[in-house]
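Enquirer: For reference, the structure I am asking about is given below.
The values are calculated or read from the model by the stated rules, or taken from the named source; none is laboratory data. None of the values given here were measured: they were computed from a predicted structure. Every residue, glycine among them, receives a Cβ derived from its backbone with ideal geometry; neighbour counts consider all protein chains shown.
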Amino acid sequence: MSAAVQAKAASRLLLSGNEAIARGVWEAGVKVAAAYPGTPSTEMLEQISLYPDLYAEWSVNEKVSLEVAIGASMSGARAFCAMKHVGMNVASDAFMTQTLAGVVGGLVIAVADDVGLSSSQNEQDSRFWGRFAHVPVLEPADSQEAYEMVKVAFDVSEQFNTPVILRLTTRVCHVKAMVTVGEKDIRAIAGFDITQKRWVMTPNNAKAMLPKQIAREGELRKAAEASALNLVDAGSDKRVGFLTSGPAFMHVRESFPDAPVMKLGFSYPVPVEAVKAFRATVDKLVVVEETEPLVENELKAAGLQDIHGKDILPRLGELTPNVLIPAIYKLRGEEPPATSTYPKYEPFPRPPTMCPACPHMGVYYTLSRLRKRVQISGDIGCYTLGAGHPWNALDTTISMGASMGIALGMDKARSEETKDKAIVSVIGDSTFLHMGMQGLLDIVYNRGNVTTLLLDNRTTGMTGGQNHAGTGKDLNGQEAPRVDFAQLCHALGVKAERIHKVNPYQLPVLFKLIRQEIEINEPSVIITDQPCVLSEFYGKLKPYLVVDDKCTGCGNCVNVGCPAISVKKTEVIKRDGAPDLVKKFTTIDTAMCTGCHMCVESCGPKAILPAQPVAVE
């Protein structure tokens with residue numbers, strides 16, 4: 001159990017933003033919490049699950065997690081839902097309707113934006129959901145504010161009968177700070193009130209809710225104007241003042257400690273009148289917001305034109321001191337300091353790669369051998385790394401579950417250049433359950449000629465190894481029903497004879513099976529069945545080594561892509577009228593090797609053998 005769970009009233013704990021939110025959720029008296037893992041939001045639910053007196057679950061996707069939270073809120077319980085920014089795209093269908101119906105128990109949705117794209121396929125600004133759905137947005141700048149604001153968010157939700165968005169960024173989610181915490185608020189659950197006109201969103205009932213939503217937004221604007229979450233530091237250097245929110249406030253304060261700053265904690269609706277009053281106290285006002293000019297545009301639309309923002313600051317990435325200092329000095333007509341007070345360190349370049357013995361490597365090694373014959377649609381997960389060196393065996397990656405539909409589109413839009421190529425989609429187990437099943441059903445229903453590689457490594461690998469409906473374990477590691485992927489694919493319409501399970505470490509078998517299925521003119525599914533090497537289900541075997549006297553330098557083992565294998569010597573042989581022959585003599589780091597034997601199966605001269613135990617005197 002974590003220290004955050006064990007803490008007593010008025011304890012001070014070192015917590016990340018995600019851990020602080022979990023503590024605040026518990027103290028707020030939440031009964032139900034649900035999420036789908038996604039960096040940088042994952043740890044919120046993992047920490048919440050450590051509290052024994054509430055219900056927490058990994059849902060199959062973000063939409064379902066929000067629906068679970070909505071059901072709890074309808075029943076009068078406080079409910080919490082967490083996701084990363086792209087997850088909100090998935091959940092938006094349920095979200096946009098619930099903003100009309102409102103809440104009974106407080107409903108808070110924590111959305112973590114990956115500013116700077118450290119682990120995402122795009123960079124979104126989730127504050128726009130507040131404007132789009134007419135709901136309030138709160139933005140903490142550090143762990144203490146994350147803890148406090150999640151509790152305020154539940155109060156705001158119940159006071160104004162609305163879901164509330166708690167918008168975070170990677171820097172808040174993962175940076176640790178000291179947090180003063182309290183005790184749990186014990187709350188009764190009101191129960192479900194059967195009011196069809198409120199909960200059954202037919203067109204007539206929904207229309208009746210619209211005037212209430214508009215009126216509610218007016219009340220929220222008044223609340224934002226007076227909110228204690230919006231703070232003003234008058235500062236002493238009035239040349240440039242800053243309007244900011246979230247962790248950008250920390251960057252502003254570090255860069256210009258004497259400048260006036262208005263920090264928006266209650267950032268939507270924008271408190272326009274309070275900002276106008278602050279603007280009157282400074283010579284110039286710069287709106288510092290990551291990433292889109294939402295506040296800037298709102299202010300300009302309200303008539304406050306004499307402000308700066310994205311005219312001097314970028315719309316992508318974090319607005320760190322290295323970005324802010326030169327821009328503000330230039331605005332003041334001054335030369336920026338020669339050296340920044342915010343050092344930037346360039347880490348040693350380390351391209352992302354798969355773990356030693358990752359079962360996905362065998363799949364991509366095989367696909368790389370068939371590269372001229374296949375067009376490959378990929379998905380979101382560890383296996384996205386198959387696009388990189390040495391495999392180069394992935395052609396597309398768009399969003400969770402998209403590999404299936406994209407593969408079908410490729411199949412239906414064949415050109416002269418691709419008419420003879422097989423279409424292959426690659427998807428992981430958790431992603432298949434998240435949003436891939438519908439794509440496979442569509443392939444079957446519309447008679448697509450697609451071979452699907454369902455890579456079942458029995459975990460949600462990219463986000464740290466969380467359980468899901470296909471692992472046989474729940475969020476707390478307890479035994480749970482486990483999906484049978486073969487039966488599921490058959491239920492979705494794939495013929496039983498076109499569904500195969502294979503051990504991806506058995507490269508000849510895998511190669512033969514893929515080559516067989518891409519020749520069949522109908523949907524087929526190949527399920528790999530070896531667990532992630534970092535999961536509890538993996539059993540490490542004895543490592544291998546390269547016998548130098550037998551190694552011919554063919555380099556086949558290097559092409560498997562295992563990071564435990566490295567080239568210790570190369571030889572270039574000149575050949576008349578032909579490209580140079582490069583021989584790669586390899587070695588295996590036995591401390592990294594887990595004994596999966598993929599490299600053994602790739603080695604023609606049989607130069608890779610089990611490592612002998614070292615005698616200890």
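A quick yes/no check of all residues on (1) at pLDDT 90 or above; (2) out of contact with any Ser or Thr (no Cβ under 7 Å at 6 or more places or on another chain); (3) under 22 Å from Val533 (Cβ atoms):
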{"position": "Ile573", "(1), (2), (3)": "no, yes, no"}
{"position": "Pro579", "(1), (2), (3)": "no, yes, no"}
{"position": "Val582", "(1), (2), (3)": "no, no, no"}
{"position": "Ile588", "(1), (2), (3)": "yes, yes, yes"}
{"position": "Lys606", "(1), (2), (3)": "yes, yes, no"}
{"position": "Gln612", "(1), (2), (3)": "no, yes, no"}
{"position": "Val616", "(1), (2), (3)": "no, yes, no"}
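Enquirer: A follow-up question, please. I'd like to check which strands (runs of 3 or more DSSP E) are fully inside the stretch 35-127 and have at least 3 residues that are under 30 Å from Arg216 (Cα atoms) and either in the same structural domain as Val152 (by TED's automatic domain parsing) or in contact with a Gly (Cβ under 7 Å, 6 or more places away or on another chain) (or both).
Expert: Passing ranges, in order: 79-84, 107-113.
Enquirer: List pairs: first residue in the stretch 193-222 and in the same structural domain as Val137 (by TED's automatic domain parsing), second residue surrounded by 10 or more Cβ atoms within 10 Å (Cβ to Cβ) and modelled with pLDDT under 80 anywhere in the structure, Cβ distance under 7 angstrom, at least six positions apart or on different chains.
Expert: Going by the 7 Å Cβ cut-off, there are no qualifying pairs.
Enquirer: Hey, does the stretch 249-262 have a residue that's basic (Lys, Arg) and under 21 Å from Arg127 (Cα atoms)? Reasoning before the result, please.
Expert: Initial filter on the stretch 249-262 (basic (Lys, Arg)): 253.
The next check asks that each one be under 21 Å from Arg127 (Cα atoms); those that pass are none.
For the stretch 249-262, residues basic (Lys, Arg) and under 21 Å from Arg127 (Cα atoms): absent.
Enquirer: Limited to the stretch 470-491, what total is found for residues that are acidic (Asp, Glu) and either outside any strand (DSSP E or B) or crowded, with 18+ Cβ neighbours inside 10 Å (or both)?
Expert: 2
Enquirer: Counting just the residues of the stretch 128-145 that are more than 22 Å from the chain's Cα centre (by Cα) and over 15 Å from Leu220 (Cα atoms), which one comes out surrounded by the fewest Cβ atoms within 10 Å (Cβ to Cβ)?
Expert: Per the criteria, the residue is Gln144.
Enquirer: Taking Leu285 and the conditions (1) touching a residue at least 40 places away in the same chain (Cβ under 8 Å); (2) assigned by TED's automatic domain parsing to the domain that holds Phe160, which numbered condition does it fall short on, given that it satisfies the others?
Expert: Exception for Leu285: condition (2).
Enquirer: Still on this structure: If I filter the stretch 107-127 down to residues being touching a Pro at 6+ places or on another chain (Cβ under 9 Å) and buried (at least 24 other Cβ atoms within 10 Å of the Cβ), which single residue comes out as modelled with the lowest pLDDT?
Expert: That would be Val115.
Enquirer: In the list Leu331, Leu316, Leu294, which residue meets the criterion of being modelled with pLDDT under 95, closer than 28 Å to Tyr147 by Cα and surrounded by fewer than 17 Cβ atoms within 10 Å (Cβ to Cβ)?
Expert: That would be Leu316, the only listed residue that is modelled with pLDDT under 95, closer than 28 Å to Tyr147 by Cα and surrounded by fewer than 17 Cβ atoms within 10 Å (Cβ to Cβ).
Enquirer: Restricting to the stretch 119-158, what's the tally of residues that are touching a helix residue (DSSP H, G or I) at 6+ places or on another chain (Cβ under 7 Å), closer than 18 Å to Asp185 by Cα and hydrophobic (A, V, I, L, M, F, W, C)?
Expert: Matching residues across the stretch 119-158 total 2.
Enquirer: Let me ask you something else. Examine the stretch 509-522 for a residue that is in contact with a Ser or Thr (Cβ under 9 Å, 6 or more places away or on another chain), in a loop (DSSP other than H, G, I, E, B) and surrounded by 13 or more Cβ atoms within 10 Å (Cβ to Cβ), and state whether such a residue exists.
Expert: Within the stretch 509-522 (the criterion being in contact with a Ser or Thr (Cβ under 9 Å, 6 or more places away or on another chain), in a loop (DSSP other than H, G, I, E, B) and surrounded by 13 or more Cβ atoms within 10 Å (Cβ to Cβ)), the answer is yes, since at least one residue qualifies.
Enquirer: Look through Gly303, Gly246, Gly317, Gly265 and report the one residue that is over 30 Å from Asn122 (Cβ atoms) and among the small types (Gly, Ala, Ser).
Expert: So the residue among Gly303, Gly246, Gly317, Gly265 that is over 30 Å from Asn122 (Cβ atoms) and among the small types (Gly, Ala, Ser) is Gly303.
Enquirer: Going by the structure shown, is Val494 surrounded by 14 or more Cβ atoms within 10 Å (Cβ to Cβ), modelled with pLDDT of 95 or more and assigned to a loop (DSSP other than H, G, I, E, B)? Break it down stepwise before answering.
Expert: Details: surrounded by 14 or more Cβ atoms within 10 Å (Cβ to Cβ): yes; modelled with pLDDT of 95 or more: yes; assigned to a loop (DSSP other than H, G, I, E, B): yes.
Taking the combined requirement at face value, the residue satisfies it.
Enquirer: Can you tell me which residue among Ala223, Ala206 is surrounded by 12 or more Cβ atoms within 10 Å (Cβ to Cβ), under 30 Å from Pro140 (Cα atoms) and aliphatic (A, V, I, L, M)?
Expert: Going through Ala223, Ala206 in turn, just one is surrounded by 12 or more Cβ atoms within 10 Å (Cβ to Cβ), under 30 Å from Pro140 (Cα atoms) and aliphatic (A, V, I, L, M): Ala223.
Enquirer: Next question, about the same structure. Taking the criterion of being farther than 30 Å from Tyr51 by Cα and surrounded by fewer than 24 Cβ atoms within 10 Å (Cβ to Cβ), would at least one residue in the stretch 429-440 satisfy it?
Expert: yes
Enquirer: Of everything in the stretch 62-75, what is closer than 15 Å to Val111 by Cβ and surrounded by fewer than 24 Cβ atoms within 10 Å (Cβ to Cβ)? Give them in sequence order.
Expert: Residue satisfying the conditions is Lys63 alone.
Enquirer: When you scan the stretch 146-160, do you find a residue that is in a strand (DSSP E or B), among the aliphatic types (A, V, I, L, M) and either surrounded by 24 or more Cβ atoms within 10 Å (Cβ to Cβ) or assigned by TED's automatic domain parsing to the domain that holds Lys31 (or both), even just one?
Expert: The answer is no; no qualifying residue exists.
Enquirer: Also, I was wondering about something else. All but one of (1) free of Cβ contacts under 8 Å to residues at least 40 places away in the same chain; (2) of a type in the set (Lys, Arg); (3) more than 30 Å from Phe432 (Cβ to Cβ) hold for Lys550; state the number of the condition that does not hold.
Expert: So the condition that Lys550 fails would be (1).
Enquirer: Out of Met96, Met83, I need the residue that is within 12 Å of the chain's Cα centre (by Cα) and touching a residue at least 24 places away in the same chain (Cβ under 8 Å). Which one?
Expert: Met83
Enquirer: I'd like to check something: does the stretch 10-22 contain any residue that is assigned to a loop (DSSP other than H, G, I, E, B) and either crowded, with 24+ Cβ neighbours inside 10 Å or at pLDDT below 95 (or both)?
Expert: There is at least one residue in the stretch 10-22 that is assigned to a loop (DSSP other than H, G, I, E, B) and either crowded, with 24+ Cβ neighbours inside 10 Å or at pLDDT below 95 (or both).
Let's see how each residue does on (1) among the aromatic types (Phe, Trp, Tyr); (2) out of contact with any Cys (no Cβ under 9 Å at 6 or more places or on another chain); (3) without any contact (Cβ under 8 Å) to a residue 24 or more places away in the chain; (4) within 14 Å of Leu433 (Cα to Cα):
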| site | (1), (2), (3), (4) |
| --- | --- |
| Arg447 | no, yes, no, no |
| Gly477 | no, yes, yes, no |
| Phe485 | yes, yes, no, yes |
| Val494 | no, yes, no, no |
| Val502 | no, yes, no, no |
| Pro508 | no, yes, no, no |
| Asp529 | no, yes, no, no |
| Cys532 | no, no, no, no |
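Enquirer: If you don't mind, another one. Output the residue which, of all residues in the stretch 383-401 that are of a type in the set (Ser, Thr, Tyr) and in a helix (DSSP H, G or I), is surrounded by the most Cβ atoms within 10 Å (Cβ to Cβ).
Expert: Residues of the stretch 383-401 that are of a type in the set (Ser, Thr, Tyr), as a first pass: 383-384, 396-397, 399.
With in a helix (DSSP H, G or I) added as a condition, the list becomes 383-384.
Details: Tyr383: 29, Thr384: 18.
Per the stated criteria, the residue is Tyr383.
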